[in-house]
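**Student:** The structure under discussion is supplied below as C-alpha cells; questions concerning it will follow.
The values are calculated or read from the model by the stated rules, or taken from the named source; none is laboratory data. Note that the coordinates shown come from a computational prediction; the quantities given were computed from them, not determined experimentally. Here Cβ is always computed from backbone atoms with ideal geometry, including for glycine, and neighbour counts include all displayed protein chains. What goes into the accessible areas is simple: the full protein's heavy atoms, side chains included, and nothing from ligands, DNA or RNA. Shrake-Rupley method; radii C 1.70, N 1.55, O 1.52, S 1.80 Å.
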Amino acid sequence: MNGIHFAYPTWFILLGILAGLAYAVFLYFNETKFKEAHPFLHYLLGLFRFLTVLGIYLLLLSPFVKTQESDTKDPFVIILEDRSESVDYKKSPEEISDFRQSLQRLGDQLNSKYESEHLVFGDRINQLGADSNSFKVTNISQALDYIEENYGDQNLGAIILSTDGIFNEGNNPLYSAPSLKAPVYAIAQGDTTTQKDLSIRNIFNNKIAYLGDQFNVQVDIQANNCSGQKTLVRLYKIEEDGKRTKLKEKSVSINKTDFFTTEEFIVDANQAGLIKYQVSLTPVKDEQSTVNNVKNLYIEVLDARQKILILANAPHPDISTLKQSLGNNKNYELEVAYANGFNKSILDQDLVIFHNLPSRKYSVESVLSQLDRQKKARLFIVGLQTDLGAFNKAQSNIKITQRGNQTDDVQAHINESFNAFTVDSELLSDLNKFSPLLSPFGEYEPGPGTKSFLLKRIKKIDTNSPLLSFSDLNGIKTTVLSGEGIWKWRLYDYLEHGNHEIIDYVLDKTIQYTTVKEDKRKFRVSSSKNIYKENEAVFLEAQLFNNNYEAINS
C-alpha cells in the first residue's frame, strides 16, 4: 500500500491542529497593530501561522512514505542427479547415455515453463558439465542440505531427485528432506531387490604395535541373502613387492538371511615399519559384487627394543642383578662385557652401563669418546673400584670429592620434589628399609640441571646427598647410582615380599628415563591417516626447526 505514514499514532495529528489554531488565535485575534488594515489580513496571517506550526509539528512526528510492490516469479525447479558409481553399476554405456539424455530433455521442458537448474552430486555438488564424471562416494543428505542453504530463499517449487538410494556418507536423507520447503520427487534407479552380497563392514585395529608384541584385528562381516553358505575370511600381509602372504584364515557359516558377525585375529608384530595387511572374504555362489569383499589396513610396528651394554671393571653380583631384572623386559637386549680387552664399537647401543668404571686400571676413554660423539646415554654405578677423578671428568651429573678411602653404608629415600616421571610411592614405601649400599665417603655436589630421584639415608638420617640422579646436558643423558651392592636389594626384596617387584620397578624406571629419545629431526612431516579414499584430499602437516629447535614459522 502506498501513502504517507508517521512514526507515531495518527491521533497525534489532532494535537498539531489544535496547537496551530491556538497559536493563530492567540497572536491575531485581538491584535490592534492591523486595525487600519483590511480585516482579511488578520485571517490570512492567522492561516499562515496555523499552517507553519502544523507543518513543523508534522515533521516532528517523523513522516515516511511506505510503498509496496508485488513481483510474480516462476517456480524454481532443481534436478538433482546422483552420479555415483553405484548408479551406473551393471549398466551398459548406451543405457547410461539414454538416461542422461532423458534427464536433459526433462530439464529443457521445465525451462519452457519454470526456472530450473540441473545439479549432479556424489561426495560434492557440481553443476551439470562441471566435472560430472562418476563419484566414488554418495552423500545424499549433503546435497539436500546444499539446496536448502543456497536455494531456500527462492521460490523453490520442486526437487527432482534421481538416485538409487544407496548412500555411504552423511546422514540418512530422510532426516534432511523434512527441512526443505519444496516437495521431493524421486526417480528411482537400480534394482530394489536385495542381492546376494558379502561385505566387510568395518575393521578395528590399533594404529601402532611394538615389535615382538601381538595385536588384535577385528573384522565385521555382513551377508545378505546368503543363508546356508560358507565363506573364508583371510588375513594377508602385503610385502613391498606386492606379494601376499596368508597369515590367518577362519571359516564363517552364514545361517541367516540378514547375517552379521565379528571375527578376531591375533597377529604377531615380527617386522618393524609401516606394514600393510589385507582382509578378504571368499565369494559365495551367485554373489553380485565382490568389490566390498576386500579391505586394507596399515599398522605401524615400532622397534622399541633398547640395546643395553653392561660394561664392568670386573665380575660382580650387581651384574647378575642387572641381567635378571632387565632381562625380564622383552624391550631390552642385554650384552655383558668387561673392560679387560674390550675394543668393540658401541654405536649400535642405546645405553651403556658402567659398573665401577672408569677405574684406575681401565679408563675406558675410547668408549666414552664414542658415546660423546654419538650423544648416547650412559649410566654409572659408582663403587669401591671407581676412579673418582676420572669419573668426575667423564660426566657432569655429579662431582664426588672423596675423603680418604672411607665408605658409607647408605640406604635410599625418595626425593619428594622429584617430578621427572611418576612414581608409585606406595610400592616404594619400604625402599628405605632395604639393605645399605656401599658408597664412597665424601662430598657430593650435583651438577647444573641434575635431578635426584633417590637420596642417601645414612644411619637412619635422611640427607640431601644424591644416590640416584639424572641429568641431560647438551643432549647427553647421564644417570649416576652413587653406590654398589644392588644385589642386596634384590635379595632383601624377595625375603620381605616374596618377589622382586620393587627392585625391578626402580631399575626399569631408571632405564626408561635414561634411554627415552627425543625427536631431534629439524624437519618433520606427518599425516593424520594411512588410508585415503580416491576422491579424498591428502593433507600433510610439516614442522621446521632451527639449530636451537625453535619452530620456524616464516
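**Student:** Please work out the Cα convex hull volume for the stretch 225-269 and give it in Å³ per residue.
**Tutor:** Numbers: hull volume 3.9 nm³, N = 45.
Residue-normalised Cα hull volume stands at 88 Å³.
**Student:** Rounded if a/c is under 1.5, else prolate if a/b beats b/c, else oblate: with a ≥ b ≥ c from the C-alpha gyration tensor eigenvalues square-rooted, which is the stretch 322-424?
**Tutor:** It comes out oblate by the Cα gyration axes.
**Student:** Set the Förster radius R0 to 60 Å, insert the Cβ-Cβ distance between N535 and E426 as r into 1/(1 + (r/R0)^6), and round the FRET efficiency to 0.05.
**Tutor:** Efficiency at R0 = 60 Å is approximately 0.65.
**Student:** Taking amide H positions as placed 1.01 Å from N in the peptide plane, with prolines and chain starts having none, which residues 5 or more places from A209, or on another chain, fall under 5 Å of its amide H?
**Tutor:** Sorted by chain and number, the residues that satisfy this are E300, V301, L302.
**Student:** Rg and Dmax in Å for the stretch 233-381, alpha carbons only: what are they?
**Tutor:** Gyration radius and largest Cα-Cα distance of the stretch 233-381: 25.5, 83 Å.
**Student:** Compare R124, R83 by solvent-accessible area with a 1.4 Å probe and give them largest first, with all protein chains kept in place.
**Tutor:** Numbers: R124 90, R83 20 Å².
Putting R124, R83 in descending order of accessible area: R124, R83.
**Student:** Principal axis extents for the stretch 269-311, Cα atoms only, whole Å, descending order, please.
**Tutor:** Taking the Cα atoms of the stretch 269-311, the three principal extents are 68, 13, 7 Å.
**Student:** Of F121, F539, F441, which has the most accessible area with a 1.4 Å probe, and how do the rest follow in descending order?
**Tutor:** F539, F441, F121
**Student:** Kindly write out, for the stretch 533-546 in residue order, the coupling ³J(HN,Hα) from the Karplus curve 6.51 cos²θ - 1.76 cosθ + 1.60 (θ = phi - 60°), rounded to whole Hz, with x marking Gly and Pro.
**Tutor:** These are the phi-based 3J(HN,Hα) values: 6, 4, 8, 8, 6, 9, 10, 10, 9, 10, 10, 10, 10, 8 Hz.
**Student:** OK, next. Checking the a/c ratio against 1.5 first, then a/b against b/c, what shape does the Cα gyration tensor give for the stretch 446-554?
**Tutor:** Values: a/c = 4.90, a/b = 2.00, b/c = 2.45.
Oblate, because a/c is 1.5 or more while a/b does not exceed b/c.
**Student:** For D408, which sequence-distant residues (separation of 5 or more, or a different chain) have an amide H within less than 5 Å of its own amide H, given hydrogens modelled in the peptide plane?
**Tutor:** Correct list: S439, F441.
**Student:** Positive end of the dipole of the stretch 355-490, charges at C-beta (+1 Lys, Arg; -1 Asp, Glu), about the Cα centre: which of I414, Y362, Q385 has its Cα farthest in that direction?
**Tutor:** Sorting the options by dipole projection puts first Y362.
**Student:** For the stretch 188-263, how big is the tail of P(r) above 16 Å, as a whole percent of Cα pairs? Show your work: numbers first, answer last.
**Tutor:** Working: 1803 of 2850 pairs.
Result for the distance tail: 63 percent.
**Student:** If you don't mind, another one. For the stretch 368-459, what size does the Cα cloud have along each of its three principal axes, sorted from largest down, in whole Å?
**Tutor:** On the principal axes, the stretch 368-459 reaches 40, 33, 20 Å in Cα extent.
**Student:** Sort out for me the Cα centre separation of the stretch 338-357 from the stretch 234-281, rounded to whole Å.
**Tutor:** Here the answer is 44 Å between Cα centres.
**Student:** Continuing with the same structure: Using θ = phi - 60° and the Karplus curve 6.51 cos²θ - 1.76 cosθ + 1.60, what whole-Hz ³J(HN,Hα) does each residue of the stretch 331-343 get, with Gly and Pro shown as x?
**Tutor:** Values, residue by residue: 8, 10, 10, 9, 9, 10, 9, 10, 4, 5, x, 6, 9 Hz.
**Student:** Tell me, what HN-Hα J-couplings in whole Hz come from the Karplus equation 6.51 cos²θ - 1.76 cosθ + 1.60 at θ = phi - 60° for each residue of the stretch 213-228, using x for Gly and Pro?
**Tutor:** 8, 10, 9, 9, 10, 9, 10, 8, 10, 10, 9, 10, 6, 10, 4, x
**Student:** Dividing the Cα radius of gyration by the Kirkwood radius, what Rg/Rh value follows for the chain?
**Tutor:** Numbers: Rg = 43.6 Å, Rh = 33.3 Å.
Rounded to two decimals, Rg over Rh is 1.31.
**Student:** To the nearest 0.05, how large is the calculated FRET efficiency for N155 and E95 if R₀ is 45 Å and r is the Cβ-Cβ distance?
**Tutor:** After rounding to 0.05, the efficiency reads 0.80.
**Student:** Too long at a 26 Å Cα-Cα cut-off: which of K307/K399; K196/K295; K207/K477; K295/K529; K250/K533?
**Tutor:** K307/K399; K207/K477; K250/K533, as the Cα separations exceed 26 Å there.
**Student:** Let me ask something additional. For the chain, what does the accessible surface come to per residue with a 1.4 Å probe? Please give it in Å².
**Tutor:** Details: 32480 Å² over 554 residues.
Value returned for the chain: 59 Å² of accessible area per residue.
**Student:** Any idea what diffusion coefficient the stretch 495-554 gets from Stokes-Einstein, in µm²/s, Kirkwood Rh on alpha carbon pairs, 37 °C, 0.692 mPa s?
**Tutor:** 203 µm²/s
**Student:** OK, next. Under 5 Å between amide H atoms, partner at least 5 residues away or on a different chain: which partners does T138 have, H built in plane at 1.01 Å?
**Tutor:** So T138 has HN proximity to N168, E169.
**Student:** So what is the 222 nm mean residue ellipticity for the chain from helices alone, if each DSSP H run of at least 4 adds -39500 (n - 2.57) and you divide by all residues, rounding to the nearest 500 deg cm²/dmol?
**Tutor:** -7500 deg cm²/dmol
**Student:** Please report the carbon-and-sulfur percent of the accessible area for the stretch 238-390; probe 1.4 Å, protein heavy atoms only, DNA, RNA and ligands left out. Each step should come with its number before you reach the end.
**Tutor:** Details: 3490 of 7890 Å².
Answer for the stretch 238-390: carbon and sulfur cover 44 percent of the accessible area.
**Student:** Carbon and sulfur: what percent of the stretch 454-523's accessible surface (1.4 Å probe)?
**Tutor:** After summing per-atom areas, the C and S share lands at 54 percent.
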